[in-house]
1. Remind me, relative contact order of the chain in percent, using alpha carbon pairs under 8 angstrom and six or more residues apart?
2. Among 171, 93, 81, 100, what is the fewest-to-most ranking by other Cβ atoms within 10 Å?
3. Against the 2.2 N^0.38 Å scaling, with N counting residues, where does the stretch 233-309 land? I'd like the Cα-based Rg ratio to two decimal places.
4. Sticking with the crude label model, points 7 Å out along Cα→Cβ, report the distance from residue 523 to residue 431 in nm, one decimal please.
5. If you restrict to DSSP beta bridges whose two residues both lie in the chain, what percentage is antiparallel, to the nearest 5?
6. What three numbers, in Å, describe the spread of the alpha carbons of the chain along their principal axes, ordered from the longest?
7. Working out 0.36 nm times the residue gap between residue 482 and residue 502, then minus their Cα-Cα distance, what length gain in nm do you get to one decimal?
8. Step by step: find N for the stretch 405-493, compute 2.2 N^0.38 Å, then divide the Cα radius of gyration by it. What's the final number?
């Protein structure tokens with residue numbers, strides 16, 4: 001049956017189906033990461049971004065296009081993580097701006113909104129690169145505009161756009177040589193394609209479970225049990241008792257009793273001897289367990305705990321604790337006058353966080369390669385720092401866009417994002433800050449300081465690939481520099497030395513080593529001694545970083 005328009009209810013179903021399909025494919029998308037490191041996170045970042053919006057959509061009680069547009073835009077903007085997540089949020093933001101005042105959407109309106117989404121996303125990226133999610137979105141919008149006027153039915157309209165987007169994704173390795181060398185398509189583009197695929201399924205009315213999106217607003221302190229928690233607590237009553245046996249229970253009967261308990265619950269423990277059987281089971285029907293047990297003897301020490309109630313009490317206590325902490329933070333801000341300048345830094349690892357604190361950072365956001373902070377995390381941090389001007393140090397190239405987005409959403413403070421892409425760059429930027437200089441002068445000085453820092457990060461490969469003309473096998477140790485793979489080998493100390501050798505050390509003055517949580521201090525000190533011997537004109541510093549995933553973070557400046 002031909003369908004020429006969609007309303008807010010259909011668009012909502014399409015959006016949630018797209019989110020669901022992306023969530024289902026996130027691990028596969030993670031594996032498309034160009035670098036074979038154990039932190040591929042494009043799928044995770046895009047999923048967390050769209051799920052933030054999906055939870056907002058799930059809370060809508062009176063559905064209309066304006067309310068739906070606001071929920072998608074606000075939820076995705078605040079939940080955006082990583083470059084791919086921020087770009088996705090901007091695509092959604094632009095699209096919803098194009099549809100929010102309409103009651104129904106035909107092909108022409110959808111094409112115009114897609115074009116608005118692409119325009120918004122391209123503006124958010126300082127140096128847009130073709131062969132990425134941006135290209136897939138742009139080509140999809142171009143195809144939509146090309147066929148919209150003649151579209152008499154939305155189903156072939158959507159399918160033709162999807163087909164063109166899929167062909168564009170297949171061409172991304174021809175646009176970005178690094179993709180071709182690694183043998184993958186762009187992971188962000190693949191993620192967007194999965195959103196499209198799910199949205200078409202939603203349009204066609206395919207059966208999709210949306211229950212997890214209902215009543216789970218990410219932005220509020222929820223004290224009721226979430227759908228996920230309900231799923232985790234499948235059987236609500238922790239039931240324990242002892243059977244005082246009338247006679248010893250044969251093995252076959254004990255097995256039958258255990259099979260019965262399995263049919264009504266889980267987490268079963270049976271301890272039996274000739275006189276008693278001790279029973280533990282999680283079930284929704286304690287009475288049925290008691291009745292069956294009574295056929296073997298009398299019951300003693302019966303105990304039933306409502307696990308859902310206990311979980312609810314914990315949630316309430318957690319919410320009360322959060323409220324107290326927020327009240328205390330607000331009170332502290334009110335009693336102290338605002339500072340002129342404050343600092344927010346992203347960090348991971350106890351040693352690195354201690355270094356940033358010593359350098360004057362007011363608020364640390366835990367995150368990095370394995371978990372990029374969201375725009376919401378940035379906004380919360382900004383709210384906690386009582387300063388008129390706040391510098392944010394993302395310390396990761398995949399966090400800069402989220403920091404920029406938080407800056408653009410902040411109205412009552414001046415936010416300056418220093419484009420630090422590594423931890424050592426963040427440390428160098430802080431050291432170069434001079435209180436007497438203006439914000440503009442400090443940003444210029446900090447930016448110049450980070451340009452003098454080279455960073456190498458030592459980790460391991462999670463798959464076979466070829467990259468930067470180097471053969472890499474699963475389990476190899478890699479040294480990753482600012483612009484690619486610097487070294488590959490078998491021992492982390494040897495690869496660390498090869499990584500430094502691949503950097504420009506001719507005019508270098510300092511080599512800093514930050515060793516991770518899996519590296520013994522003795523090993524790191526020995527590496528420092530060997531680098532001192534190899535580079536006698538450089539001062540070598542060894543610091544405990546405590547970071548996961550990366551055995552060493554090494555800077556040369």
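1. Normalised by residue count, the contact order of the chain is 12 percent.
2. 171, 100, 93, 81
3. Relative to the rule-of-thumb radius for its length, the stretch 233-309 sits at 1.03.
4. 2.6 nm
5. Counting DSSP beta bridges with both partners in the chain, the antiparallel share is about 70 percent.
6. Computed over the Cα atoms, the extents are 87, 71, 59 Å.
7. Full-extension gain reported as 6.1 nm.
8. Against the compact-globule rule of thumb, the ratio is 1.49.
Since every read-out is calculated from the coordinates, none of them should be taken as a lab result. Note that the coordinates shown come from a computational prediction; the quantities given were computed from them, not determined experimentally. Methodologically, a virtual Cβ is constructed for each residue, glycine included, from the backbone with ideal geometry; neighbour enumeration extends over all protein chains shown.
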